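Visitor: Here it is, the structure in full.
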Amino acid sequence: MAGECVPCEGPDLKNMGEEELWELINDNRHRISLGVRPCIVIPYLRQARVLTEMDEDEIVSCHNLTNRCMRTYMLDLLRTQGRNGAVALLESLMIHYPTLYTQVTGRKPSTEPSRFSLIKYSELTEYLVRAVTGMQRELQEAHREASRMTARCASLESELKDEKCDLYVRYTAAIEEKSAVYQLQTELQKAQMENEFQRQRSFRCASLAETPQLQEEVRRLRCQLVKAEKLDPARQDILAQDLAEAIDSQVELAEQLRCYREENEQLLSEKQGLMDQKECLSLQVQQLTLDCNMHKQKITMIHNQLRELQAERDKAYLSRDEAQAMIAQTLAEKDALRCQLMELQERVFSLLSRTSAPPFLMRSRPKAIRINGRVLSISFQGGALLSQLAVVGGNKTGVFVHQVTEGSTAHTVGISPGAQIVEVKYEQNQKALRMVLEDSTLEEAMWALGQVTGLCHLSLRPRQDYEALLQQLQSSEISSGDSFYVRVNMSLPAGPNGTLAVSCNDILHVTNTRPAGTEDSWHASQVHPCQLLDLQSGTLPNYYAGRVVAQNKQNAVRIVSTGRQGRNPLWVSVEDEKTKDTSAPKSCVTLMPYTLVTPHYPPICRPILLLPTVLGRILDKKLAGWQGFQLCEPEHATRLQRSEILEECEQGRNCCYTLQSVEKVMKKGIHCVLPLGLDCVRRLHRAAIFPIIIFISQTARSARKLSKLQRHGQSEEQLLACSKSEEPLLDKLPCLYHSVASDSWCDQTSLLTSLRTIIWEEQKKIVWVEPDLW
């Protein structure tokens, strides 16, 4: 195990016999069975000829054996091969399982070819290369498996979310139906109460109509009438009158009784209607009860489904966790494979550096090859080197050997297509020269290799990008490996043979510095101002041909100042004595047709710098009054460093404009109006802040248009003098600026409207910045 103490050096395996070797293996049989995968070591055992193809099929393809049995059966097959089987097994462990090899044998893994006794040197090299390729393939498969597991986890989470939302909708509908059933039950109870009240009322009325008091009164009156017949006439008249009144009362009572009966019949009819309604409501209640029970069953089923979905969700989360653990394990295995790959590559390079050199170096001089990391350095006579080999590529992809002339010195020392040329060293005029070609253009590389006339030293690096580069070249996807952007410092009209027409300050994308069929030309495309998109393409003079054109058109070029005494900041290595301008003094001004630029993508709101300074101070407050604009405020410079100060303020010695004051406004997502001069531009660029620079050209006529503006005591002559002094300095800026023509506006309103449009357009553009040459 990893924690066991292993002796520094065990017995030499070459001096051990067959029984001793197999006794050593059998003592560690359990450890080997657990730690060794047969599919890893079988290729080497096949290469050492101790296992046949039939043996491999029996070990790997048999479905009746477990993985542990496969390893045990493999050891049994190797036992039949005697000492060679034991030696081959231990050598395979030394290559693929160095830790296990040390634990079994007590010896450290060795990269000496002499330690491999059953396989030739060339076969060993071939096997190691195949092993490296196999590990890379397994690493790619692990990447794909991790991507599939991640996509599966995302899919399961999405399905769970959709099903959960559906269940919530269905549960809400069930709750609403249950509420409706409860409301119907309440209305039914209310109707029953009203029906009971009407029934009691009708019963009282019937009882009143059927009372025997009326009958008793009639009998009494009749008795009185009989008695009256026996009385005197006066008494009879009184009784007759009483009898008539009693009869009238009886008739009235009979009429009231009839009315009561009619009301009773009406109440009975209403009672029957209410009974019918009750039966109807009872049927509705039964139906609603059935519906309620059905909904309860549905809700129960939904709850069960929800629990099942929650269980599936938990299972999915568990699967996701297992997948993440598997991904982590895969990544760990990937790192282990990468380490093994680097180990194997180092072993290959170490094996190549031993005394038994590869066959393709047998004809070279002693010590012609040495290994520095992963770079192979070759020394040979490279007279007319470009006649011995051809190169492809450029600054983006690297420069690669494409063809090697058979029988040449380069072919003799073993240079083959596909190797990247990292560096070339040679002697010229008794001076040792060294040129790094790792990021050089194709034009630079061919110039440098063309300078070699004698002994040279090439540093080569094996790269897998060569095949992809060839495919792109063959499919015409690209024409070379060059890719960089330049700012044009002169104007060129369109010419014959597809010559591109360019203007000063145009941005070009150079894609080939050595196009076929042309000399001293580049192939380039104009770039879209707002995105990295190639537009019209064509050829144009290269740097040195363009320099000749610029010298002939000095009135139409941008004079670029540098701090390097006229040296070319782009292609210093390709300047020789013939191309240097010996008549030019060692000053800081040179004619550069193109300067290298890099794209930058600033935030939404860039600061605003208005020039000339005299007019800018007047317009700054106008812009600051707009929505989305704010004037930069000065700060006290008590504890600020010099690099943080942009410009001192006129208000006092300890008051100045700083980077922090600009960044504070930019963080609000609005434009910061800079009341500063040109000196602040480079300081802002070093802080990755790229202002919009707008220069408003001035003439005597345009200066008079500003007579109504409050110019803080500045005269028209001072405005014109400021414009004349600052305009030449604009070409020295490392970035582009926007110039407003003096005849494009007529008054203050139109000028401010133009400025708003210009700021909106400039904000969308890519910022192209030159390297700081000072």
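Visitor: Contour minus end-to-end for residue 83 and residue 536, with contour as 0.36 nm per residue of separation and end-to-end as the Cα-Cα distance?
Guide: Numbers: separation 453, 0.36 × 453 = 163.08 nm, distance 7.26 nm.
Extending this stretch completely gives an extra 155.8 nm.
Visitor: Got a sec to turn the phi values of the stretch 385-393 into Karplus ³J(HN,Hα) couplings, 6.51 cos²θ - 1.76 cosθ + 1.60 with θ = phi - 60°, whole Hz, x for Gly and Pro?
Guide: 4, 5, 7, 8, 8, 10, 10, 9, x
Visitor: Given Cβ point charges of +1 (Lys, Arg) and -1 (Asp, Glu) and nothing else, what value in debye, to the nearest 20, does the dipole of the stretch 377-552 about its Cα centre take? Let's see the in-between values first.
Guide: Working: 9 positive and 15 negative charges, 69 e Å.
Dipole about the Cα centre, nearest 20: 340 debye.
Visitor: Which FRET efficiency value, to the nearest 0.05, do you get for residue 182 and residue 318 by plugging their Cβ-Cβ distance into 1/(1 + (r/R0)^6) with R0 = 51 Å?
Guide: Efficiency, rounded to the nearest 0.05: 0.80.
Visitor: Once the dipole of the stretch 18-105 is set up with Lys and Arg at +1 and Asp and Glu at -1 on Cβ about the Cα centre, which of 26, 59, 96 lies farthest towards its positive end?
Guide: Result: 96.
Visitor: Test of understanding: what is the full-extension gain from residue 715 to residue 390, defined as 0.36 nm times their sequence separation minus their Cα-Cα distance?
Guide: Values: separation 325, 0.36 × 325 = 117.00 nm, distance 6.73 nm.
Using 0.36 nm per residue and subtracting the Cα-Cα distance, I get 110.3 nm.
Visitor: Ok, one more. Under the rule of at least 5 residues apart or a separate chain, name every residue whose amide H is placed under 5 Å from the amide H of residue 399.
Guide: The answer is 394, 421.
Visitor: Sticking with this structure for a sec: Given +1 on the Cβ of Lys and Arg, -1 on the Cβ of Asp and Glu, and no further charges, what dipole in debye does the stretch 18-105 carry about its Cα centre, rounded to the nearest 20? Let's see the in-between values first.
Guide: On the way: 9 positive and 12 negative charges, 63 e Å.
In debye, rounded to 20, the stretch 18-105 gives about 300.
Visitor: Evaluate the distance, in nm, between pseudo-label points positioned 7 Å from the Cα of residue 171 and of residue 748 along their respective Cα→Cβ axes.
Guide: 6.7 nm
Visitor: Something else now. With a Förster radius of 22 Å, plug the Cβ-Cβ distance of residue 61 and residue 34 into 1/(1 + (r/R0)^6) and report the FRET value to the nearest 0.05. Could the numbers behind the result be given before it?
Guide: Working: r = 22 Å, r/R0 = 0.99.
Result of the calculation: an efficiency of 0.50.
Visitor: Going down the list 732/765; 668/705; 622/668, which pairs span over 29 Å between their C-alpha atoms? Write down the numbers at each step before the final one.
Guide: Working: 732/765 20 Å; 668/705 35 Å; 622/668 20 Å.
The pairs that break the limit, which is 29 Å between Cα atoms, are 668/705.
Visitor: When the accessible area of the stretch 458-542 is split by element with a 1.4 Å probe, what percent falls to carbon and sulfur? Kindly include the intermediate steps, with their values, before the conclusion.
Guide: Values: 1940 of 4170 Å².
Looking at the stretch 458-542 in its full context, I get 47 percent from C and S.
Visitor: Next question. Under a crude label model (7 Å from the Cα following the beta-carbon direction), how far is residue 332 from residue 145 in nanometres?
Guide: Placing both labels 7 Å along Cα→Cβ, they lie 1.4 nm apart.
Visitor: Now, a different point. Along the charge dipole of the stretch 607-769, Cβ charges K/R +1 and D/E -1, which of 733, 757, 702 sits furthest on the positive end?
Guide: Going by the charge dipole, the pick is 757.
Visitor: What are the residues whose amide H is under 5 Å from the amide H of residue 492, where those residues sit 5 or more places off or on another chain and H is modelled from the backbone?
Guide: 502, 503
Visitor: Determine the dipole magnitude for the stretch 430-520: charges of +1 sit on the beta-carbon of Lys and Arg, -1 on that of Asp and Glu, nothing else is charged, the reference point is the Cα centre, and the result goes in debye to the nearest 20. Spell out each step's value before the answer.
Guide: Details: 6 positive and 11 negative charges, 63 e Å.
Charge dipole of the stretch 430-520: 300 debye, to the nearest 20.
Visitor: Note down the nm distance, to one decimal, between modelled labels 7 Å out along Cα→Cβ at residue 405 and at residue 123.
Guide: Computed distance between label sites residue 405 and residue 123 equals 4.0 nm.
Visitor: At a Cα cut-off below 19 Å, give the aspartates and glutamates reachable from residue 190, other chains included and same-chain residues fewer than 8 away excluded.
Guide: 270, 276, 279
Visitor: Over the stretch 607-769, what percent of the accessible surface lies on carbon and sulfur atoms, probe 1.4 Å? Mind showing how you got there, number by number?
Guide: Numbers: 4010 of 8500 Å².
Taking all protein chains in place, the stretch 607-769 shows 47 percent carbon and sulfur surface.
Visitor: Local charge sum around residue 101 (other residues, Cβ-Cβ under 10 Å, Lys/Arg +1, Asp/Glu -1)? Spell out each step's value before the answer.
Guide: Working: positive: 107, 108; negative: 91.
Residues near residue 101 contribute +1 overall.
Visitor: So which trypsin sites (Lys or Arg not before Pro) in the stretch 411-507 are both in a DSSP loop and have at most 10 other Cβ atoms within 10 Å of their Cβ?
Guide: On the way: sites: 425, 431, 434, 463, 487; in loops: 463.
Of the trypsin sites (Lys or Arg not before Pro), not one in the loops of the stretch 411-507 has a Cβ with at most 10 other Cβ atoms within 10 Å.
Visitor: Can you list the HN-Hα couplings for the stretch 35-51, worked out from phi with the Karplus curve (6.51, -1.76, 1.60; θ = phi - 60°), rounded to whole Hz and with x for Gly and Pro?
Guide: Listing the rounded values in order: x, 10, 9, x, 5, 7, 8, 4, x, 5, 5, 5, 5, 7, 6, 9, 10 Hz.
The values are calculated or read from the model by the stated rules, or taken from the named source; none is laboratory data. Please read these numbers as outputs of a predicted model, since none were measured by experiment. Glycine also receives a Cβ, built like all others from the backbone with ideal geometry; neighbour counts cover every protein chain displayed. Protein only, heavy atoms only, side chains kept; ligands, DNA and RNA dropped before computing areas. Shrake-Rupley method; radii C 1.70, N 1.55, O 1.52, S 1.80 Å.
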